[in-house]
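The next block holds one structure in the form of structure tokens; read it before the comments.
The values are calculated or read from the model by the stated rules, or taken from the named source; none is laboratory data. Every value quoted in this text rests on a predicted model; they were computed, and no experiment measured them. Ideal geometry is used to build each Cβ from the backbone, glycine not excepted, and the neighbour counts take in all protein chains shown. Each accessible area value is taken on the protein alone, full model and side chains, heavy atoms only, with ligands, DNA and RNA left out. Shrake-Rupley method; radii C 1.70, N 1.55, O 1.52, S 1.80 Å.
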Amino acid sequence: MNLLIVFTYPNHNSLSYDFLQKVVKGSGENPIIKEIQVLDLYEEGFNPLLVFNEEKRRRDMHKDPDLEKYRKQLMWADKIVFIYPIWWGRPPAMLLGYIDQLFASNFAYKDKKGLFPDGLLKGKSVVCVSTMKGPTHYPLIWLHNAHKILMKRALFNFVGIKKVKFFEFGNMESPKGNQLKKLEKIYRYFKTMGQ
């Protein structure tokens, strides 16, 4: 299995970065994972802004040479892990900008007759590891599961990815947030995943 980790947090001195380290460590000890690549969007200096004009058209985004490296990473990966905070009930703008540009028509999906397109990323799977300041059940109860619906139904299922697992960790700024226990849970999951 080839594992691509897309990390989205602007500070390496953070709990989010600790989660990244646990994913990498656990995955490195998992015998079914052949290779790991980490894409740190902030460290990479990824530009999340969409630009459409006479030279850059939306219909050509699937062949934009500036995004070729990232398209190759997505095609290479069997499993994609997204690590990010939930801000205002959704992923950060940096990650959404990556999604807007990479999950483009004629790369991630192809329009066809009928209600839904043909997802071109079939066979891949996704794990989302997200942290938030609020309580763990806040997105479910108060926001009607908007985060999971956005990521699973509106994005991953649309492009053909059916296997999606979520870890939503709440109370992460609280001394009672059980951060070490949650970090250990992620480490154990990736160490034994698929076995």
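Some notes on this structure:
- Each residue of the stretch 109-116 was assigned a 3J(HN,Hα) from its phi angle through the Karplus expression (A = 6.51, B = -1.76, C = 1.60, θ = phi - 60°), giving 7, 9, 5, 8, 5, x, 6, 10 Hz with x at Gly and Pro.
- Bridging of Lys182 to aspartates and glutamates at a Cα separation below 19 Å is possible for Asp18, Glu29, Glu168, Glu173, once same-chain residues fewer than 8 apart are set aside.
- Rolling a 1.4 Å probe across all protein chains gives Glu68 an accessible area of roughly 70 Å².
- Percent carbon-and-sulfur accessible area, the chain, ignoring ligands, DNA and RNA, probe 1.4 Å: 53 percent
- The 3J(HN,Hα) values that the Karplus relation (6.51, -1.76, 1.60; θ = phi - 60°) gives for the stretch 84-101 are, in residue order, 6, x, 9, 10, 6, x, 8, x, x, 4, 4, 5, 5, x, 4, 4, 4, 8 Hz. Gly and Pro appear as x.
- Cα gyration tensor, the stretch 1-104 - rounded (a/c under 1.5), prolate or oblate: oblate
- Cut-off under 5 Å, modelled amide H: who pairs with Leu39 long-range: Ile5, Val6, Phe7
- Taking Lys and Arg as +1 and Asp and Glu as -1, the other residues whose beta-carbon sits under 13 Å from that of Gln37 total 0.
- Probing with 1.4 Å while keeping every protein chain in the model, the per residue accessible area of the stretch 70-110 equals 36 Å².
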